[in-house]
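What follows is one structure encoded as structure tokens, with my remarks underneath.
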Amino acid sequence: MVFFVTLAAVAASSDPPQNFIHYPPHMASQKSTLVPVPDALRDFMADVNERIQTRDDSATIYSDDLLQCEHGYGGRVAKKEFGFVFFPSKAERWDFRLLTDEIDEIANGHREDVRVRISLTTGV
């Protein structure tokens, strides 16, 4: 059985739910690919990094979509880990997880690539 977690289900908890999904089931077996970090993703990670540093609720509460930008969304999935969905184009969807240190490295331009699971989409 698969459980999708809502904000209400996790808002009162400091621990991730037991059945929290890191990747959609159809992507669990896909191989990851190293891709260059586009500017839109770097901007998103800069915003996320600032929210982590200031302990904003959107970066401290476990969720899958409290952190959002024009091209994607994500949220805290573990103590120091975040899961994201990013749409670099209307044809692609990237799913990936990053540690807080990796978010900082991307945000500050010290990391040029990110490992993602790519799937095709019919449009965003």
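The values are calculated or read from the model by the stated rules, or taken from the named source; none is laboratory data. What you see is a predicted model, and the numbers here were worked out from it, not measured in a lab. Positions of Cβ are backbone-derived with ideal geometry, glycine not excepted, and every protein chain shown enters the neighbour counts.
For this structure, a couple of remarks:
- Contact map, the range 108-124: first residue within 22 Å of Glu50 (Cβ to Cβ), second residue of a type outside the set (Gly, Ala, Ser) and modelled with pLDDT under 95, Cβ cut-off under 6 Å, separation 6 or more or different chains; the map is empty.
- Residue selected from the range 61-98 under the condition closer than 18 Å to Pro36 by Cβ and not in a strand (DSSP E or B), by the criterion farthest from the chain's Cα centre (by Cα): Ala91
- Within the range 91-124, the residues that satisfy the criterion of being within 14 Å of His71 (Cβ to Cβ), at pLDDT below 95 and either of a type in the set (Val, Ile, Thr) or surrounded by 18 or more Cβ atoms within 10 Å (Cβ to Cβ) (or both) are Thr121, Val124.
- Only one of Ser119, Ser58 that is part of a strand (DSSP E or B) and of a type in the set (S, T, N, Q): Ser119
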